[in-house]
Amino acid sequence: MLNAATSSALTFSSTPNFYRSPSSLSIVLPNPKTIISSYARSSVLAVMEKAIIRGHLTVADSEGVHHFGTRSKGCNDVYLKVVNNDFWMRVLFSQDLGFSEAYMMGDVEVDSLKGVMDLWLDNESGMDNLTSAVSRVTSAISGLSNAFLGQTRSKARLNAIASYDQSNELFKAFLSQEMMYSCALWTEAEGGVRGDLISGPTPGDLEAAQLRKIRYVLTAAKVKPGDRILEFGSGWGGMAIEAARTFGCEVDTLTLSKEQKALAEERIKAAGLQDVIRVHLLDYREIPPSFEKAFDAFVSIEMLEHVGSKHYHDYFRLVDFALKSSNATAVVSASTFPESRYSGYQPEDFMRKYMWPNSCLPSATALITAANTGSEGRFTLEGVENHAAHYPRTLREWGRRLDANVRQDLIVKDYPSLKDKAEFDAFRRKWQYLFAYAGAGFAKGYITCHMLTFTRPNDCPATCD
């Protein structure tokens, strides 16, 4: 049976209506991609119509302009322009992951990435209807996603973006001098967590806030001159260098990255600390027997996201193995999920596909439980802090430096394929998306950032009597 869509796609030769021979009749069937794209568009727009009740969204595409929500003074007012109709299929098949891919590929343009993220989270319950509506359809036609989007240049480009081995030069371009790829701690000295929005960023603000974070962690670890520290997750040596230079400690730090190890050792040597800091290219599960009960303190800053829920127990078992039996402290920090959102299974999203494959955000409770079972009760929980409010400004600062410093001629040294402008633009948009995506998550309470401090049983607190 012909419906309106298919009948309108039938075309005939110019033979007059009063006579057509069978050979003069030609039928042009609609392009399957066009049908799916049209269906995707109508489905997504229908969900937006019901979902957006907070804020206002304007969507413009080749077929017109659509408005969702209610525009009011001071509301989150977002403008979105669909450049390529692949956008609709990406969102239909993959929801927020699909939106991130569309943004990286340039299929959609927005006036404010932050505004988009806030709008999505503010209307999250309604947006869930998109997931449920889509799942009923995609269970039957998910194969069409590959047929229409799978084996294309854009898919190849997305695969390349996901597999880039991130270079030292890239991180030098947007991190602070300490090269800490983790949440900074802001005080009124920099105007607080919103100081950059109120009075503008000031040169040196990020450096000051990151140095404060390092010293805060080391102070929480109660380290003193001559102490030996074990660190899981070297980064580029920022924590180890400060522990040795300012606190007079000896450090063993572990990394799985050859590039990080090389640059960390270069920085350590430049600081004249090569005799007291050792960088090990080593998985934390492979620490040697000589580490048993050898350390006064343990620190790990935002490495636990890469451990996985099945391994939290073993992680803390090995921390217990390495720390002395008394007068020893462990400090760990990680981006976390609130308990209501935490699950040991976490589906693929933008971060897990394009930034940190196979990563898993813990919850504070999951880590505390694992610390207790992994150590067989030999840890006492001393402190729990949530630093999530400090992360959005950290991400904004990184974003500004990325925009100012990441140039195509700098990046192609490590990524020759980025000589192509389209490739470079997609790569750059990936990082812009990350900073906006994570920033909105922290600001809205969707994700948190906890620092946990553990001591040994019966270790004495600071003098109090």
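The values are calculated or read from the model by the stated rules, or taken from the named source; none is laboratory data. Predicted, not measured: the structure shown is a model, and the values here were computed from it. Cβ placement follows ideal geometry from the backbone for every residue including glycine, while neighbour counts extend to all protein chains displayed. Heads up: the accessible areas ignore ligands, DNA and RNA and are worked out on the full protein's heavy atoms, side chains in. Shrake-Rupley method; radii C 1.70, N 1.55, O 1.52, S 1.80 Å.
Couple of notes before you dig in:
- Scan of region 190-207 for residues that are within 27 Å of Ala330 (Cα to Cα) and touching a Phe, Trp or Tyr at 6+ places or on another chain (Cβ under 9 Å), ordered by number: Val193, Leu206
- So Asp459, is it over 15 Å from Phe174 (Cα atoms), open to solvent by less than 60 Å² (accessible area, probe 1.4 Å), touching a residue at least 24 places away in the same chain (Cβ under 8 Å) and in contact with a strand residue (DSSP E or B) (Cβ under 9 Å, 6 or more places away or on another chain): yes
- Taking every residue in region 30-43 that is under 11 Å from Met89 (Cα atoms) and pairing it with any residue that is open to solvent by 80 Å² or more (accessible area, probe 1.4 Å), at least 6 positions away or on another chain, yields no pair with a Cβ-Cβ distance below 6 Å.
- Note on region 283-334: residues that are open to solvent by 20 Å² or more (accessible area, probe 1.4 Å), over 19 Å from Pro357 (Cα atoms), touching a residue at least 12 places away in the same chain (Cβ under 8 Å) and among the polar types (S, T, N, Q) total 3.
- Qualifying residue in region 227-234 (condition: touching a helix residue (DSSP H, G or I) at 6+ places or on another chain (Cβ under 9 Å), farther than 24 Å from Thr336 by Cβ and small (Gly, Ala, Ser)): no
- Those residues of region 335-349 which are among the charged types (D, E, K, R), within 24 Å of Phe99 (Cβ to Cβ) and exposed (fewer than 15 other Cβ atoms within 10 Å of the Cβ), in sequence order: Arg341, Glu348
- Among the residues of region 350-375, those identified as in a loop (DSSP other than H, G, I, E, B) and open to solvent by less than 30 Å² (accessible area, probe 1.4 Å) are Ser359, Cys360, Leu361, Pro362, Ser363, Ser375.
- Members of region 45-56 found to be closer than 18 Å to Asp111 by Cα and in contact with a Leu (Cβ under 6 Å, 6 or more places away or on another chain), listed by number: Gly55
- If the condition is being in contact with a Ser or Thr (Cβ under 9 Å, 6 or more places away or on another chain) and at pLDDT below 90, then region 428-465 contributes Asn458, Asp459, Pro461.
- Subset of region 304-338 that is modelled with pLDDT of 95 or more and assigned to a loop (DSSP other than H, G, I, E, B) - its residue that is nearest to the chain's Cα centre (by Cα): Phe337
- Residue tally, condition open to solvent by 50 Å² or more (accessible area, probe 1.4 Å) and not polar (S, T, N, Q), over region 170-192: 4
- All positions within region 220-234 that are in contact with a Phe, Trp or Tyr (Cβ under 6 Å, 6 or more places away or on another chain) and either among the charged types (D, E, K, R) or in a loop (DSSP other than H, G, I, E, B) (or both): Val223, Arg228
- Cβ pairs under 7 Å, 6+ apart, first in region 46-60 and over 15 Å from Gly115 (Cα atoms), second of a type in the set (D, E, K, R) and surrounded by fewer than 21 Cβ atoms within 10 Å (Cβ to Cβ): Ala60/Lys81
- Test: residue in region 248-260 that is modelled with pLDDT of 95 or more, farther than 25 Å from Arg352 by Cβ and either open to solvent by 40 Å² or more (accessible area, probe 1.4 Å) or in a helix (DSSP H, G or I) (or both): yes
- Taken together, the criteria exclude Val384 from residues that are crowded, with 22+ Cβ neighbours inside 10 Å and on the phi < 0 side of the Ramachandran plot.
- Some residue of region 410-428 being surrounded by 15 or more Cβ atoms within 10 Å (Cβ to Cβ) and among the basic types (Lys, Arg): yes
- For region 261-282, a residue qualifies if it is surrounded by fewer than 20 Cβ atoms within 10 Å (Cβ to Cβ) and under 25 Å from Ala328 (Cα atoms), and the qualifying residues are Leu273, Gln274, Asp275, Val276, Arg278, His280, Leu281, Leu282.
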